[in-house]
Amino acid sequence: MKRDRLITLAIHTYPKALILKGILESQGIAVTIQNVNLLKPVISPGVRVRIHEQDLPHALEILETDPVFGNSEIAGKPKKNRILIPIDFSDYSMQACRLGFDFAATHEAEVVLLHTFLSPFSMGSLSLAETISHELKESEEHKLLFAKANREMTSFCEKLHQLMVEGTLPSVPFIYRVCEGVPEDTIILMAKELNPSLIVMGSRGKTRKEIDLIGSVTAEVVDNGNFPVFAVPEGFTHTHISDIKNVAFFTNFDQQDLISLDTFMRLFQSYTFGIRFFHLTEKSDAWTEIKLAGIRDYCQSHYPGREIDYKIIGEDNFLDNVERLFQEASIDVMVVPNRKRNIFARLFNPSIAHKMLFHTDTPLITIPS
């Protein structure tokens, strides 16, 4: 991987791209803008702001604090200092809380607990008199459901406070919200409102039957959300993120992978762990080895002091090979850049993140790219 390779940092209108170019160049970062309409540059849509690959971490640090671009959709920019933890009062919700609160304590973040309940009542085809009667009944039932959800949330929060008193859970500020709605839709809407640094969610693991996993809320949030998600399977026993020693990062040699990598590294920069890059391919060749070695060199240059390695995985028996390699390398967590896919691609050719969420007990972190 050549150190002078250009990568796309952001895509803006021409005037905004010029502002961003000036900000970066004032800090010594060379910038190239592309896709400009030379006849009418002001109306150029989708202008690419490109920088040298080795300047990416510095550029993201500058943009994080800039008053103009600090709240914009710059690729890889960290979110606000909040951690969102959707819960359903299960054991794996508590495990998600342990890791989420641990992360929040390290980053001095506020935790927002979210519980969503779905009303089973629907109007259907009713006469006017039946509709009025049904509405009154549904209103009462809704109040009962909402009251029950709040009682369960209060009880859950009391358990968290008790764990804090005992010293087994970090003492961090947290609030909660109880909402009615489809869980995955409500989580995504809440994330858009809160703009969290990280969403931490429980997942059910590979031992459950496939039919139990089709409607996985975590999978829907991973597929349709645009925030980093830490999916914690119910069998994961670590309660501190500092216990994580080895991370697997899946790469497809895309430019966006480097931005996802930097987002991940800045989110988890407080922790020391080794990184092993995994690449899925039909067959290995010299060029694949060169590109993987280039990513390793990039990582060693920008994130020194970490053990870095890479591995090529054949497409045959992909999931079995991954699990075997995870065991050999003692992988604690896997990280997958999560690209948005159209609905047909998601239905007929599931993403790596989706497959891994359904078929492994290793925690999964997805980074949008």
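The values are calculated or read from the model by the stated rules, or taken from the named source; none is laboratory data. Quick caveat: nothing in here was measured; it's all calculated off a predicted structure. Glycine gets a Cβ as well: all are built from the backbone with ideal geometry, and neighbour counts include every protein chain shown.
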Can you spot a residue in the range 86-98 that is surrounded by fewer than 24 Cβ atoms within 10 Å (Cβ to Cβ), part of a strand (DSSP E or B) and either modelled with pLDDT under 95 or in contact with a Lys or Arg (Cβ under 8 Å, 6 or more places away or on another chain) (or both)? no
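For every residue, the table says whether it meets (1) modelled with pLDDT of 85 or more; (2) part of a strand (DSSP E or B).
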| position | (1), (2) |
| --- | --- |
| Cys299 | yes, no |
| Ile313 | no, yes |
| Phe326 | yes, no |
| Ala345 | no, no |
| Met356 | no, no |
Quick one: is Gly294 over 24 Å from the mean Cα position of the chain (by Cα), assigned by TED's automatic domain parsing to the domain that holds Arg339, assigned to a helix (DSSP H, G or I) and over 20 Å from Asn338 (Cα atoms)? yes
Modelled with pLDDT under 90 and closer than 30 Å to Arg177 by Cβ: which single residue out of Pro45, Pro57, Pro78 fits that description? Pro78
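On the basis of being at pLDDT 90 or above, touching a Ser or Thr at 6+ places or on another chain (Cβ under 9 Å), assigned to a loop (DSSP other than H, G, I, E, B) and not assigned by TED's automatic domain parsing to the domain that holds Arg266, does Thr106 make the cut?
On the way: at pLDDT 90 or above: yes; touching a Ser or Thr at 6+ places or on another chain (Cβ under 9 Å): yes; assigned to a loop (DSSP other than H, G, I, E, B): no; not assigned by TED's automatic domain parsing to the domain that holds Arg266: yes.
No: the conditions fail for Thr106.
Within the range 255-264, does at least one residue satisfy the condition of being of a type outside the set (S, T, N, Q), surrounded by fewer than 19 Cβ atoms within 10 Å (Cβ to Cβ) and not in a strand (DSSP E or B)?
First, the residues of the range 255-264 that are of a type outside the set (S, T, N, Q): 257-259, 261-262, 264.
So of that shortlist, the ones also surrounded by fewer than 19 Cβ atoms within 10 Å (Cβ to Cβ) come out as none.
No: zero hits.
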With the requirement that a residue be surrounded by 13 or more Cβ atoms within 10 Å (Cβ to Cβ) and either in contact with a Pro (Cβ under 7 Å, 6 or more places away or on another chain) or part of a helix (DSSP H, G or I) (or both), what does the range 162-190 give you? Leu163, Met164, Pro183, Glu184, Asp185, Thr186, Ile187, Ile188, Leu189, Met190
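For every residue, the table says whether it meets (1) among the charged types (D, E, K, R); (2) surrounded by fewer than 20 Cβ atoms within 10 Å (Cβ to Cβ).
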site	(1), (2)
Ser270	no, yes
Asp285	yes, yes
Arg296	yes, yes
Val335	no, no
